[in-house]
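Have a look at the structure below, then the notes.
The values are calculated or read from the model by the stated rules, or taken from the named source; none is laboratory data. Keep in mind the model is a prediction, meaning the values are calculated, not measured. FYI the Cβ positions are ideal-geometry reconstructions off the backbone, even for glycines, and counts take in every protein chain you see. Only protein heavy atoms, including side chains, enter the accessible area calculation; ligands, DNA and RNA are left aside. Shrake-Rupley method; radii C 1.70, N 1.55, O 1.52, S 1.80 Å.
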Amino acid sequence: LQDQSLARQLVELGYRGTGETFKREEFEQRKEEIAEMRRNALSKNIQVLSSAGIDTKNYPLLHSLAEREKRVRDGKLTTIVFIRDKNTSGQEISGYIDYGDRLTQDDFKEYFERKKRLLPRPSDLSYYNWTTNASTSNPSRFFQVIGDNDIGLLFKNKRDRKIICVDPDSDCGDNSTRTELKTTEYLQVVIYDHVTRRKS
């Protein structure tokens with residue numbers, strides 16, 4: 001039909017389609033309600049990164065974590081951080097931290113602003129105190145811990161079930177990389193990244 005007003009009148013009278021028909025005013029009202037719902041959904045999904053607006057370039061670990069934060073929060077990347085350093089009592093500790101899990105538990109803005117230091121704790125994937133010989137291992141939201149007598153510590157990604165090997169003399173595994181950071185902030189830092197294929 002060439003005449004839009006005639007077409008609207010025909011639809012309003014119910015001559016077309018099997019769906020629900022609306023008067024012009026009802027249609028405009030529903031259209032505005034749907035637009036409002038979309039705006040509300042978008043505002044709830046806006047993600048504010050903990051590292052946003054914070055200069056981390058002089059801090060290798062924080063800079064590396066800031067670069068990964070969005071992809072980890074979006075579920076496109078899982079990251080394990082190995083840290084070896086001294087705790088507040090001067091004892092050497094080391095451990096493997098599930099970055100994605102910690103992002104949901106801690107206020108990472110405090111780490112990026114250097115108000116707190118990121119250190120392993122007994123609730124992380126793995127923790128070892130070299131002075132007291134205290135050792136723990138725990139599953140996280142994204143990884144299961146596997147102890148292997150021959151290879152050592154392994155982490156199994158819960159999403160795609162791929163194994164990440166943290167032995168520096170072995171291959172990390174499928175879709176995984178190992179990056180040792182040069183830093184004066186800690187005695188040793190290694191980052192293990194695993195790219196996950198998230199189902200849509």
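At 222 nm, what helix-only mean residue ellipticity would the chain give, in deg cm²/dmol to the nearest 500, using -39500 (n - 2.57) for each DSSP H run of four or more? Don't skip to the end; give the middle numbers.
Working: 5 runs with 57 residues, N = 200.
Calculated at 222 nm, the ellipticity per residue is -8500 deg cm²/dmol.
Shown in residue order for segment 66-72 are the 3J(HN,Hα) couplings computed by the Karplus curve 6.51 cos²θ - 1.76 cosθ + 1.60 at θ = phi - 60°: 5, 4, 8, 3, 4, 5, 5 Hz (x for Gly and Pro).
Of the residues Gly100, Cys165, Thr179, the one whose Cα sits farthest toward the positive end of the charge dipole of the chain, with +1 on the Cβ of Lys and Arg and -1 on the Cβ of Asp and Glu, is Gly100.
The candidates Thr179, Thr184, arranged from most to least accessible area with a 1.4 Å probe in the full protein assembly, appear as Thr184, Thr179. This model, with +1 at the C-beta of Lys and Arg and -1 at the C-beta of Asp and Glu, gives segment 42-200 a dipole about its Cα centre of some 760 debye.
Residues of segment 93-125 with an amide N closer than 11 Å to a point placed 7 Å from the Cα of Lys158 along the Cα-to-Cβ direction: 101.
Set the Förster distance to 41 Å, then compute FRET efficiency between Glu67 and Arg24 from the Cβ-Cβ distance, nearest 0.05.
Working: r = 52 Å, r/R0 = 1.26.
Plugging the Cβ-Cβ distance into 1/(1 + (r/R0)^6) gives 0.20.
With every protein chain in place and a 1.4 angstrom probe, the accessible-area ranking of Arg24, Arg38, largest first, reads Arg38, Arg24.
Less than 14 Å Cβ to Cβ from Thr131, Lys/Arg counted +1 and Asp/Glu -1: what total charge do the surrounding residues give? Numbers along the way, then the final one.
Values: positive: Arg84, Lys86; negative: Asp85, Glu92.
Here the charged neighbours net out to 0.
Carbon and sulfur atoms: what percent of the 1.4 Å accessible area of segment 87-127 do they account for? Before the final figure, lay out the partial values.
Details: 750 of 1840 Å².
Ligands and nucleic acids excluded, carbon and sulfur reach 41 percent.
By the rule of a C-alpha distance below 19 Å, with chain neighbours fewer than 8 residues away ignored, the aspartates and glutamates paired with Lys23 are Asp3, Glu12, Glu32, Glu33. Checking the Cα-Cα distances for Lys31/Lys70; Lys86/Lys115; Lys158/Lys182 against a 28 Å cut-off, the pairs over it are Lys31/Lys70; Lys158/Lys182. The angle separating the long axis of helix 24-45 from the principal Cα axis of greatest extent in the chain is about 10 degrees.
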